[in-house]
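What follows draws every value from the coordinates through simple rules; no lab data is involved. Not measured: the values here are computed from a predicted model. Cβ sites come from the backbone with ideal geometry, for glycine too, and all protein chains shown count toward neighbours.
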Amino acid sequence: MPLTLGIDIGTYETKGVLVDETGHIIASAARGHKMLVPQPGWAEHRPEEDWWGDFVYVCRRVLHKSGADPDEIAAVACSAIGPCMLPVDAEGNPLMNGVLYGVDGRAEAEVRELTDRIGETTIIERCGNALTSQSVGPKILWLQRHRPEIFEKTAHILTSTSFLVQRLTGEVVIDHYTAANFSPLYDVATQAWVDDLASDIIGLDKLPRLLWSGDIAGRITAQAAAATGLAEGTPVTAGTIDAAAEAFSVGVDRPGDMMVMYGSTIFIILRAATRVADPRIWYAPWLFEGEHASMAGLATSGTLTHWFRDQLARDLDPAEAFPILAAEAATSPPGANGLLMLPYYSGERTPIHDVNAKGAFFGLNLTHTRGDMYRALIEGIAYGTRHVTETFAELGQQPARLLAVGGGTKNALWLQATSDITGIDQIVCEKTTGASYGDAFLAALAVGLVKREDIATWNPVATSVSAQSDPQYDRSYALFRRLYEQTRDIAAELSAP
C-alpha cells in the first residue's frame with residue numbers, strides 16, 4: 001500500500017506523520033525547538049537546526065517507528081511557519097537566522113515608508129494586502145539597509161517551506177499562497193512577481209519560482225536521501241504555510257468553510273468565493289488555481305499559555321501543568337471575577353495591526369487566584385478572536401461552518417469560551433494532528449492517490465461545540481475593546497526608545 005509523508009515545522013515544535021492511502025496514521029514523531037527573541041519585537045528560528053535539523057530528525061524517527069520501506073513512500077509534502085524571510089547564498093546556505101512571520105516587527109519603519117510611498121489603496125488593489133509586520137517585502141528592505149554585508153551575498157530570499165524544499169530537491173520554489181505575503185512584490189491579479197511598485201527592494205531573479213501547493217517541485221536528491229533516509233527520486237510537493245495545511249487537514253475546502261487554528265497563535269482561514277480586499281485582514285490565492293482565501297491571525301495565543309505556565313506556574317511539572325491550570329480556571333466564572341486581559345504580548349496582527357500594542361491584566365486585586373488569571377488569559381485570547389470574526393462579518397464573510405484544529409482543541413475550556421464569546425458553533429474533527437496530516441493528504445493528492453473530497457473520510461467530524469449566550473461576555477468584550485483604545489498611546493510610549 002502506498003504511503004505519504006507529511007512534516008510541519010511549527011513555532012515551537014516539528015511534527016511528522018506517515019499515512020496510508022486511507023488516511024490511517026502509520027507512525028508519527030515530534031521534536032521541540034525554541035523561538036528566539038534576540039530583542040523585543042524580533043522573532044527568529046535557526047534554519048539549520050530548527051528547520052532542516054528537525055525535518056531530518058522527525059523523518060528518520062517516523063521511518064524507524066513504522067519500519068516502512070522508503071520505496072513505499074509515494075510522495076512527501078512539508079509545511080512550515082510563514083511567511084518568513086531567510087537570505088541564502090548561491091549554494092543555499094543560510095546567511096542569518098530566519099526572520100519569522102507577523103510576530104516579528106523589526107521592519108515597522110520600512111512598512112510605514114513603503115505604505116506612504118506607494119499608497120495603501122494601491123497596495124491593497126495590486127497586492128491584496130496592506131503592508132504589516134506579516135509582509136516579507138519590508139523585511140527584505142530592512143535586510144538591505146541594516147545588514148548590507150548579508151544582502152550583498154544573498155542569492156535568494158526563501159521562506160521556511162522553500163528552504164526545506166530546496167534542501168530536499170535542489171529546487172528554489174514557493175507556492176502562490178505563501179508568495180502573496182511578499183507584498184509589495186506579488187501581484188494578486190497576474191499572480192506573478194512584480195517590481196514596479198518598489199524596484200529598490202530586491203531583484204526579482206532572487207525570488208523563488210512560483211508553483212501551486214499541489215505541484216511537484218522536484219524529487220529527493222542523493223544528498224537529501226542520505227540525510228533523511230528517504231528514497232532518492234521520491235516526489236516532493238511545493239508545500240505551503242502551516243496554517244493552510246492545517247485548514248486542509250480538517251476539510252476546509254469549500255467557500256464558506258472557516259478554520260480556527262489553536263496553536264502558538266490563533267490563525268483563521270476562510271475559503272472565500274471571491275477575493276476580499278480590506279486592510280484589516282489578509283488575502284491570498286488558495287492552494288489551487290482560481291480559488292481564494294481570506295486570513296487573520298493573533299500574534300500570541302498558545303504562546304501565552306506557555307508564558308503563563310513558565311512564569312506563574314513554576315511549582316507545577318511542565319509536562320502536567322496545562323490540565324491543572326485548566327482545572328483551576330474552570331473554578332472561576334465567566335468574566336474571571338472581574339479580570340480582563342489584553343493578549344498583545346508581541347504586539348498584535350489582525351485586525352488592529354499594531355506592533356506597539358501591549359499585553360496587560362486589568363482589574364487585579366488581592367482576592368484573585370491563579371485560576372482567575374488563567375481564565376482571564378483564555379478569555380482574552382477569545383475576545384481577540386471575536387474581534388476578528390466580527391471583522392469578517394462586517395465584510396459579509398460570515399462562515400457557513402467553523403472547524404477547530406490544533407493543540408488548543410484539547411483544552412475544553414478554551415474551546416467553549418471561544419464559542420460562547422464569538423457566538424459561533426465549532427466543529428472538531430477526529431484527527432487534530434494538524435498541518436503534518438494536511439501535508440500527507442496534499443502529497444497523496446499530488447500523485448493521484450486521493451481526490452479532494454476524500455479528506456472527509458480521512459478525517460471525519462468527531463464532535464461539536466455549541467455556543468452558549470452569556471451577557472457577562474458581551475460586557476467584558478466591550479470593555480476589552482475600550483481598554484485597548486484607551487491604552488494605545490501609553491503602549492506606544494512604552495515602546496519608544
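Quick notes on this structure:
- Taking the DSSP bridge list for the chain and keeping only pairs wholly inside it, about 70 percent are antiparallel.
- Within the shell of other residues whose beta carbon sits under 10 angstrom from the beta carbon of VAL76, the net charge comes to 0, with Lys and Arg scored +1 and Asp and Glu -1.
- Phi angles across segment 290-307 convert, under the Karplus curve 6.51 cos²θ - 1.76 cosθ + 1.60 with θ = phi - 60°, into 3J(HN,Hα) values of x, 10, 10, 9, 10, 10, 8, x, 7, 7, 9, 8, x, 4, 5, 5, 5, 4 Hz, Gly and Pro given as x.
- If you take the Cα centroid of segment 273-321 and the Cα centroid of segment 348-388, the two points sit 15 Å apart.
- R0 of 30 Å, Cβ-Cβ distance ASP71-ALA155: FRET efficiency to nearest 0.05: 0.35
- Cross-link reach is defined here as a Cα-Cα straight distance under 18 Å, omitting same-chain residues fewer than 8 places apart; for LYS431 the lysines meeting it are LYS15, LYS410.
- Only helices enter the 222 nm calculation for the chain: every DSSP H run of n ≥ 4 contributes -39,500 (n - 2.57), and dividing by all residues gives -10500 deg cm²/dmol, rounded to 500.
- Bridging of LYS206 to aspartates and glutamates at a Cα separation below 18 Å is possible for ASP89, GLU91, GLU149, GLU152, GLU171, ASP175, ASP187, ASP195, ASP196, once same-chain residues fewer than 8 apart are set aside.
- Restriction of the trypsin sites (Lys or Arg not before Pro) in segment 201-301 to DSSP coil positions whose beta-carbon has at most 15 other beta-carbons within 10 angstrom yields ARG275.
- Size of charge dipole - the chain - debye, nearest 20, with Cβ of Lys, Arg +1 and Asp, Glu -1, no other charges: 640
- Listed by chain and number, the aspartates and glutamates placed with their C-alpha closer than 14 angstrom to that of LYS139 are GLU44, ASP104, GLU108, GLU110, GLU113, ASP200; residues fewer than eight positions away on the same chain are left out.
- Given charges at beta-carbon only (K, R positive; D, E negative), |dipole| of segment 368-439 in Debye: 200
- In order through segment 120-135: 3J(HN,Hα) via Karplus (6.51 cos²θ - 1.76 cosθ + 1.60), integer Hz, x for Gly, Pro: 4, 4, 5, 4, 5, 5, 8, 9, x, 9, 5, 6, 9, 5, 7, 7
- Site pair GLU13 and TRP42 shows an inter-label distance of 2.8 nm when each label is modelled 7 Å from Cα along Cα→Cβ.
- Estimated vicinal HN-Hα couplings, Hz - segment 46-55 in sequence order (Karplus 6.51, -1.76, 1.60; Gly, Pro = x): 8, x, 5, 7, 7, 9, 6, x, 5, 4
- For segment 217-300, GluC sites (Glu not before Pro) meeting the loop criterion (DSSP other than H, G, I, E, B) and having at most 11 other Cβ atoms within 10 Å: GLU289.
- A simple spin-label model places the labels of ARG475 and ASP205 6.6 nm from each other, with each point 7 Å out along Cα-to-Cβ.
- FRET efficiency, 1/(1 + (r/R0)^6) with R0 60 Å, evaluated for ARG147 and GLU430 via beta carbons: 0.85
- Dipole size of segment 1-153 about its Cα centre, with +1 on Lys/Arg Cβ and -1 on Asp/Glu Cβ: approximately 360 debye, rounded to the nearest 20.
- Based on Cα contacts under 8 Å between residues 6+ apart, segment 293-432 shows a relative contact order of 24 percent.
- THR121 versus HIS64: modelled label distance in nm, points set 7 Å from Cα along the beta carbon direction: 6.1
- Scanning residues 5 or more positions from ARG106 or on other chains, none has an amide H under 5 Å from its amide H, with H placed 1.01 Å from N in the peptide plane.
- Near ASP215, the amide H atoms lying under 5 Å from its own belong to ALA238; only residues 5 or more places off or on other chains count, and H is placed 1.01 Å from N.
- Pairwise centroid distance, computed over Cα atoms, of segment 100-165 with segment 397-454, Å: 30
- Positive-end residue, the chain charge dipole about Cα centroid, Cβ charges, pick of ALA179, ALA444, GLY41: GLY41
- For Cα extents along the principal axes in Å, calculated from these coordinates, the label among [x] 69, 66, 41; [y] 63, 52, 44; [z] 79, 72, 43: [y]
- Cβ-defined net charge surrounding ASP474, 14 Å radius [Lys, Arg +1; Asp, Glu -1]: 0
- Distance-filtered residues of segment 316-357 - backbone nitrogen under 20 Å, label point 7 angstrom along SER466 Cα→Cβ: 334
- Net charge over other residues, Cβ less than 14 angstrom from the Cβ of ASP317 (K, R count +1; D, E count -1): -1
- Fraction of antiparallel bridges per DSSP, segment 158-264 only, in percent to nearest 5: 60
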